[in-house]
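K.L.:
Have a look at this one before I ask anything.
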Amino acid sequence: MTTELARAESLIATIPDFPEAGIQFRDITPLFADGPALRAVVDAVTRPFAGSFDVVAGVEARGFLLAGAIANAAGVGLIPIRKAGKLPRPAASITYDLEYGTDKLEAAQDLPAGTRVLLVDDILATGGTLRAGQQLLEQLGYTLAGTAVLMELVDLDGQQVAGPVHTLFEV
Ligand SMILES: O=P(O)(O)OC[C@H]1O[C@H](OP(=O)(O)OP(=O)(O)O)[C@H](O)[C@@H]1O
Ligand SMILES: Nc1ncnc2[nH]cnc12
């Protein structure tokens, strides 16, 4: 790992008992606030998929931050995968389990079937969110170019649910 990536990793804070007792919350906001760290992680998340995707999809809300930065750096567009009830024209939806609770994701159909999509999010925990995102993209007829995150919580074994997921940092 480069020095810049190691520094970026060191900026992720661990907050005990948020949003509920027993959860060690990994807070990426200090990393996103740091320009060189953000650039380093955007480059490293994208590198294995260079040239193999037409568009980036990000999962609301934290996934939007990474997806927007990657899309801009790669010069491609962005598909927002949103929590239920936010999109005026949802074309696909799916309910899924989280490390804490359940949620529902939706996406619009703004691109043709067969479009190659790189799916990104900040954290891989149980894998439920990214699996749901993959299934949503499949419902829309898109081709999954790959799935990538900043950080994987390895004890939760999300790779079994949503793998293979390219991850920069493991904890
Ligand atoms: O692998 P999983 O167990 O599914 O968990 C990972 C998901 O949990 C968090 O999102 P959250 O739903 O808390 O929403 P947020 O991005 O709006 O904070 C995180 O940003 C991932 O999307
Ligand atoms: N422990 C955790 N920290 C931050 N985001 C998460 N999403 C799911 N689990 C999480």
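K.L.:
Does residue 95 satisfy the criteria of being open to solvent by less than 50 Å² (accessible area, probe 1.4 Å) and of a type in the set (Ser, Thr, Tyr)?
P.N.:
Details: open to solvent by less than 50 Å² (accessible area, probe 1.4 Å): no; of a type in the set (Ser, Thr, Tyr): yes.
The answer is no for residue 95.
K.L.:
Right, something else. Can you confirm whether the range 126-149 contains a residue that is within 11 Å of ligand 2 (Cβ to nearest atom), in a strand (DSSP E or B) and in contact (Cβ under 8 Å) with a residue 60 or more places away in the chain?
P.N.:
Among the residues of the range 126-149, at least one is within 11 Å of ligand 2 (Cβ to nearest atom), in a strand (DSSP E or B) and in contact (Cβ under 8 Å) with a residue 60 or more places away in the chain, which makes the answer yes.
K.L.:
Moving on to the next point. Scan the range 96-129 for residues that are away from ligand 1 (no atom under 12 Å from the Cβ) and either in contact with a strand residue (DSSP E or B) (Cβ under 9 Å, 6 or more places away or on another chain) or under 18 Å from residue 162 (Cβ atoms) (or both) and jot them down.
P.N.:
The answer is 106, 107, 108, 109, 110, 111, 113, 114, 115, 116, 117, 118.
K.L.:
For the list (1) modelled with pLDDT of 95 or more; (2) over 16 Å from the mean Cα position of the chain (by Cα), I need the number of the one condition that residue 22 fails.
P.N.:
(1)
K.L.:
Still on this model: Please determine whether any residue of the range 108-119 is over 15 Å from residue 48 (Cα atoms), touching a residue at least 60 places away in the same chain (Cβ under 8 Å), surrounded by fewer than 22 Cβ atoms within 10 Å (Cβ to Cβ) and within 16 Å of ligand 2 (Cβ to nearest atom).
P.N.:
no
K.L.:
Which of the residues spanning the range 150-171 are in a helix (DSSP H, G or I) and of a type in the set (Asp, Glu)?
P.N.:
155
K.L.:
Quick check, is residue 162 within 13 Å of the chain's Cα centre (by Cα), of a type outside the set (D, E, K, R) and over 25 Å from residue 50 (Cβ atoms)? It would help to see each step written out before you state the result.
P.N.:
Numbers: within 13 Å of the chain's Cα centre (by Cα): yes; of a type outside the set (D, E, K, R): yes; over 25 Å from residue 50 (Cβ atoms): no.
For residue 162, the condition - within 13 Å of the chain's Cα centre (by Cα), of a type outside the set (D, E, K, R) and over 25 Å from residue 50 (Cβ atoms) - is not met.
K.L.:
Here is a follow-up. Answer with yes or no whether residue 66 is modelled with pLDDT of 95 or more, within 18 Å of residue 168 (Cβ to Cβ), in contact with an Asp or Glu (Cβ under 7 Å, 6 or more places away or on another chain) and not in a strand (DSSP E or B).
P.N.:
Spelling it out, residue 66 is indeed modelled with pLDDT of 95 or more, within 18 Å of residue 168 (Cβ to Cβ), in contact with an Asp or Glu (Cβ under 7 Å, 6 or more places away or on another chain) and not in a strand (DSSP E or B).
K.L.:
Assess whether residue 157 counts as being surrounded by 14 or more Cβ atoms within 10 Å (Cβ to Cβ) and under 21 Å from residue 42 (Cβ atoms).
P.N.:
The answer is no for residue 157.
The values are calculated or read from the model by the stated rules, or taken from the named source; none is laboratory data. As the structure is a prediction and not an experimental result, all values here were calculated from the model. With ideal geometry, Cβ positions are generated from the backbone for all residues, glycine too; neighbour counts draw on all protein chains shown. Note: accessible area is taken over every heavy atom of the protein model, side chains too, but ligands, DNA and RNA are not part of it. Shrake-Rupley method; radii C 1.70, N 1.55, O 1.52, S 1.80 Å.
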